[in-house]
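A short write-up of the structure that comes next.
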Amino acid sequence: MHINRQAWVTRLLGIGLGLFLTVGCGQIPVEQAPLASRKMALGNDPASLLIAAGGAHSLAVRPDGSVWASGSNASGQLGDGTTAQRFVPVQVQGLSEVVAVAAGHGHSLAVRSDGTVWGWGHNASGQVGDGTTVNRSVPVQVPGLGPVLLVAAGETHSLALHANGTVWAWGHNASGQLGDGTTTHRSVPVQVQGLSEVVALAAGHNHSLAVLVDGTVWAWGGNAHGQLGDGTTLGRTVPVQVQALNDGVDVAAGAAHSLVVLSDGTVWAWGRNDAGQLGDRTTLDRTVPVQVYGVSGAAAVAAGEHHSLVLLANNTAWAWGLNTHGQLGDGTTTHRIQRVMVFGLSTVTAVATGLTHSLALLSDGTVRAWGSNETGQLGTGTTAYRPAPVLLQGSNPVTAVAAGKHHTLALRSGRIHAWGNNSSGQLGDGTLYHRTSSVLAQTPYPMKAVAAGGAHSLAVLSDGTVWSWGNNSHGQLGDGTTANRAVPAQIPGLFGVIAVAAGENHSLALHSSGSVLAWGNNSHGQSDNGASGPILTPQPVSGVYYVKAVAAGATHSLALSDDGSIWAWGNNTDGQLGNNGQPTFGNPVQVGLTGVATAIAAGGAHSLAVRSDGSLWGWGKNNFRQLGDLTTLTRPAPVMIQSWGMTAVAAGENHSLAVGPSGFVYGWGLNSSHQAGATSSVFISMPTQVPGISGITALAAGGVHSLAMYTNGTLWAWGLNAYGQIGDGGATQYAFAPKPSLLY
């Protein structure tokens with residue numbers, strides 16, 4: 001059921017023909033007279049109109065005005081022309097320039113920038129509004145409506161707020177929820193009686209709510225639990241005023257309960273309360289409003305079947321009520337009769353609720369989902385319920401990933417998200433607390449590249465400066481000291497950088513000129529320049545030129561030149577430099593690989609490369625079969641592992657990964673924590689497909705965990721999770737197979 005459709009009205013700048021009211025990414029022509037006197041709603045901004053949660057489906061509007069949907073589709077409510085259930089979002093057909101959406105139990109609504117309303121999905125009661133009772137699997141226009149600002153969808157009825165402040169309704173009407181004085185179902189819009197100058201709407205199971213410009217709240221429809229707030233349990237076929245409320249801003253309607261935000265930031269509730277959905281620390285039904293306990297600074301509300309959400313002005317989200325499916329988002333399934341914070345969300349701009357699932361829109365444009373997922377309504381690609389927020393696929397994607405020994409970094413929308421071990425401050429959030437789900441590193445914006453070492457992290461800002469944080473015992477942060485940093489700081493004097501790499505305790509930077517700089521531990525010459533002690537500030541690496549990629553192993557370094565040759569320096573005890581075991585200290589040597597290399601990776605003491613013909617090669621240490629050549633022989637020169645089809649590689653401490661045809665991932669080497677992707681076997685002697693994932697474009701391998709990035713920018717992880725480096729909220733000690741990371 002659609003439950004929260006917060007209204008908003010931008011203050012008009014004048015009176016007369018030609019005025020426009022900006023809505024989201026488009027504009028709606030506004031009729032002049034009644035609107036001129038309407039005040040600006042004090043609730044959330046237009047972002048609240050861009051997500052909607054239905055009975056078991058979800059909708060989200062992208063910045064380009066397209067609508068995407070996931071979940072149940074038995075009645076065509078996803079609008080993709082089919083009735084096939086969708087576990088990841090699909091685009092709604094034929095809609096563009098959409099500025100608002102709403103979702104009912106099995107139908108969906110949208111408003112375009114020209115003020116037209118479109119509906120699709122279940123239509124047995126005429127709730128789509130096209131004059132029929134035929135289900136629609138693609139959007140059809142609702143006729144007879146002038147410019148509309150927003151819509152709301154109940155279980156089987158629909159509401160629209162006209163630009164002149166009147167409300168129109170259609171669909172099921174057995175309880176009088178259409179407000180036209182009858183109980184007759186309507187397949188085309190009819191006007192709700194007695195309402196004008198409306199600024200906010202909400203539709204519940206069989207009741208409806210509106211806020212007027214003067215702050216009064218009005219209700220109509222079913223009232224068995226007192227959800228109309230008029231002190232009775234009598235149903236109403238025309239609006240009645242909710243008692244004692246004269247300063248309303250935003251409303252929400254659940255199955256049989258109602259919520260309102262007042263201009264002072266308090267929240268009041270009434271109606272059914274069997275699961276504590278009124279938030280007053282009781283389970284008593286209320287026929288008149290009571291204040292939600294402990295909530296202040298509220299900006300918007302949303303109501304599910306038996307749960308409630310509030311968005312505070314500080315951009316956090318809080319919830320209470322039924323939690324059987326984790327719909328409160330606090331990481332548990334414990335019911336709550338007073339508010340709890342939705343786990344891990346701190347930049348929320350809008351919230352929405354379905355029957356038993358919830359959505360949040362964040363300031364970076366991404367959408368988080370949690371709760372019930374039996375029809376895939378969370379859009380995660382699975383049907384597993386989520387008691388804490390997960391990324392709705394298709395919202396702003398991850399663009400880069402990096403895996404340290406026991407921590408993980410992901411770059412999305414120019415921001416760095418980090419999780420896992422934080423003993424040296426390598427997550428960059430200003431603390432030393434380990435994190436089982438993501439936190440934002442305190443870096444400037446926007447970042448364009450990341451790297452994760454043993455216990456330190458690096459990032460490149462869009463201006464070419466480099467920032468570092470975490471362990472600095474060997475000078476790997478490049479700031480001239482050996483002091484650890486829990487907050488990122490700029491490396492002095494380093495500019496024009498396009499990429500970075502991080503080893504166990506040393507760091508590399510690729511300059512836009514094609515030169516390489518290095519710093520940190522130099523015990524084996526991995527930071528070059530011939531010095532035996534640590535190098536505390538970035539220094540140029542001599543003998544490598546026109547480089548287009550760098551990689552850092554535990555104690556060795558690799559560079560890929562633009563002619564396809566590979567150069568290596570540092571520790572060569574196990575042949576990881578690929579020069580037939582010839583000793584070298586800090587002097588780059590060419591790896592003995594014929595042909596043109598296109599990708600490189602450096603592990604604990606082994607190295608990998610992909611050639612332009614798609615063949616996969618490896619050299620170095622092989623005691624855990626990390627070279628994948630069916631032996632445990634150390635290889636001081638490159639050997640072929642796979643002859644065709646590979647596009648990318650990653651190397652962990654003692655395991656290896658590669659992307660093959662169709663984006664399938666292959667793993668091999670040490671698998672003691674399932675980091676190579678197999679559910680059994682401690683060792684994997686040759687590249688073996690990791691089950692359950694395809695369409696992968698990028699990989700990262702940590703000490704004993706692995707990451708894969710899909711073409712749509714979602715992130716999956718597997719392996720050891722002792723520090724939360726998988727990013728699943730700490731749900732498992734090991735991830736036996738790839739599972740989605742929770743990115744907040």
- Query: Over all distinct Cα pairs, what is the inverse of the mean 1/r for segment 373-445, reported as the Kirkwood hydrodynamic radius in Å?
  - Reply: 13.5 Å
- Message: Spelling out what I want: for every residue of segment 612-624, take phi, set θ = phi - 60°, compute 6.51 cos²θ - 1.76 cosθ + 1.60 (Karplus), and round to whole Hz; glycine and proline get x.
- Response: 4, 8, x, 6, 10, 10, x, 7, x, 5, 8, 5, 10
- Note on the structure: The residues 118, 644, sorted from fewest to most surrounding Cβ atoms within 10 Å, come out as 644, 118
- Neighbour-count ranking for 593, 59 (other C-beta within 10 angstrom, fewest to most) reads 593, 59
- Message: If you scale each eigenvalue of the Cα gyration tensor by 5 and take the root, what three semi-axes come out for segment 647-744, rounded to whole angstrom and sorted largest first?
- Response: 18, 17, 10
- Treating the Cα atoms of segment 306-405 as identical point scatterers in vacuum, please give the log10 of the normalised Debye intensity I(q)/I(0) at q = 0.11, 0.13, 0.16 Å⁻¹, two decimals. -0.30, -0.42, -0.62
- Query: If you project the alpha carbons of segment 498-592 onto their three principal axes, what span does each projection cover, largest first, in Å?
  - Reply: 31, 30, 19
- Task: Can you bin segment 189-273 into rounded, prolate or oblate? Criterion: square roots of the alpha carbon gyration tensor eigenvalues sorted a ≥ b ≥ c, rounded for a/c under 1.5, prolate for a/b above b/c, oblate for the rest.
- Result: oblate
- Quantify how much of the Cα-Cα distance distribution of segment 20-391 extends past 26 Å, in percent. 42 percent
- Query: Counting pairs of alpha carbon atoms under 8 Å apart in space and at least six apart in sequence, what relative contact order in percent does the chain give?
  - Reply: 7 percent
- Message: Starting from the 7 Å offset along Cα-to-Cβ, what nm value, one decimal, do you get for the label separation of residue 490 and residue 363?
- Response: 2.2 nm
- Cα gyration tensor shape of segment 505-653, rounded if a/c is under 1.5, else prolate or oblate by comparing a/b with b/c: oblate
- Residue exposure sequence - 598, 366 - by fewest surrounding Cβ within 10 Å: 598, 366
- Select one label from (1) 33.9; (2) 30.9; (3) 49.7: the one whose number is mean projected area of the Cα convex hull in nm² as derived from the coordinates shown. (2)
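Bear in mind these aren't lab numbers, they're just calculated from the coordinates by the rules spelled out. None of these values were measured; they are calculated from a predicted model. Note that we place each Cβ from the backbone using ideal geometry, even for glycine, and neighbour counts take in every protein chain shown.
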